[in-house]
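J.: One structure, pasted below without further comment.
The values are calculated or read from the model by the stated rules, or taken from the named source; none is laboratory data. What you see is a predicted model, and the numbers here were worked out from it, not measured in a lab. Cβ: placed from backbone, ideal geometry, glycine included. Neighbour counts: every protein chain shown.
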Amino acid sequence: MADYHSPTVVRPSIPASAITRLELALLTAIFEHEPDGDALYFYASDGPSSTIWLDIADLKDMLADEPTLSGPIVEMIRKALAEAEPDEAELELDLSDLGEAEILQAIVRRCEQLDHVTITSAWTCTKMRPDGFGGGITVVTAERILSSSTIQMEGELLDRAEYGDLACAPGHGRHAILMLDEAEVRSVVTGVQEAYADTDVAVVDVADADIRQGCIEAIGALNLDEQLRQIEFGAAMAAIRIARAASA
């Protein structure tokens, strides 16, 4: 019989001061851990636990101290507590659909020392099964939780082999033309405020969140159909030129 394992590491170590009691109870039930200075290094030798058991009385006590009064993890626990039988002392939590990434994201959002956390897993097997090996990675930021795997990487490499690098960036036959950089927008904000130094524009404190929302609204208001048709025509003429030169 083959045994499948997914040893996992969480990088970087998480500052202990950034973790609430509830988050610590959940993370230490999901992962193994060890101290790393003032931080905690989380890992799982065989793989993170998707089902955990916690003492109900402890959970209620930790919820009372939880600074985040709502959120997917807190709401899931409140729902599980409400559905528990009166004589139950321990609560079983299924984290297969809502687990470590969501817990870590809440920490990243609060912790100034972290701008992201990466969860990396290796998929291994005690027998050389063709489906028993690979890996996965999840990047957790304050805004996004993004995952990829060696299976996805294999598909991307096969696409590149069949269609070429250009045909696969960023997707089959699609090519990015413009990219709005928030750092550049921040630079323009500074220039505008300097140009209007004698007005109230100069004293407005523009936060990163304001810039991000401004980018979203500006992109949503764009209509580049005419410019896109011109670019498509230019690309068509270039393709004809390349084909003619190759056949000459």
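J.: Could you tell me which residue of the stretch 87-104 is farthest from I30 (Cα to Cα), considering only residues that are assigned to a strand (DSSP E or B) and free of Cβ contacts under 8 Å to residues at least 40 places away in the same chain?
T.: E90
J.: Same structure, new question: Checking L81 against (1) more than 26 Å from the chain's Cα centre (by Cα); (2) surrounded by 16 or more Cβ atoms within 10 Å (Cβ to Cβ): exactly one of these is not met. Which one?
T.: Here L81 meets the rest and fails (2).
J.: Which of the following residues is modelled with pLDDT under 85 and under 23 Å from S147 (Cβ atoms): D94, D65, D46?
T.: Step by step, each of D94, D65, D46 is checked, and only D94 is modelled with pLDDT under 85 and under 23 Å from S147 (Cβ atoms).
J.: Also, I was wondering about something else. Quick one: how many residues across the stretch 184-230 are assigned to a helix (DSSP H, G or I), hydrophobic (A, V, I, L, M, F, W, C) and closer than 30 Å to R160 by Cα?
T.: Of the residues in the stretch 184-230, 2 are assigned to a helix (DSSP H, G or I), hydrophobic (A, V, I, L, M, F, W, C) and closer than 30 Å to R160 by Cα.
J.: Can you name the residue in the stretch 168-183 that is surrounded by 11 or more Cβ atoms within 10 Å (Cβ to Cβ) and either assigned to a helix (DSSP H, G or I) or at positive phi (or both) and, of all such residues, is modelled with the highest pLDDT?
T.: Among residues in the stretch 168-183 that are surrounded by 11 or more Cβ atoms within 10 Å (Cβ to Cβ) and either assigned to a helix (DSSP H, G or I) or at positive phi (or both), the one modelled with the highest pLDDT is E182.
J.: Which condition number does E90 fail, the rest of (1) farther than 17 Å from V117 by Cβ; (2) within 22 Å of the chain's Cα centre (by Cα) being met?
T.: Single failed check for E90: (2).
Residues checked against (1) outside any loop (DSSP other than H, G, I, E, B); (2) touching a Cys at 6+ places or on another chain (Cβ under 8 Å); (3) of a type outside the set (V, I, T):
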position: V10; (1), (2), (3): yes, no, no
position: Y43; (1), (2), (3): yes, no, yes
position: D46; (1), (2), (3): no, no, yes
position: D58; (1), (2), (3): yes, no, yes
position: M62; (1), (2), (3): yes, no, yes
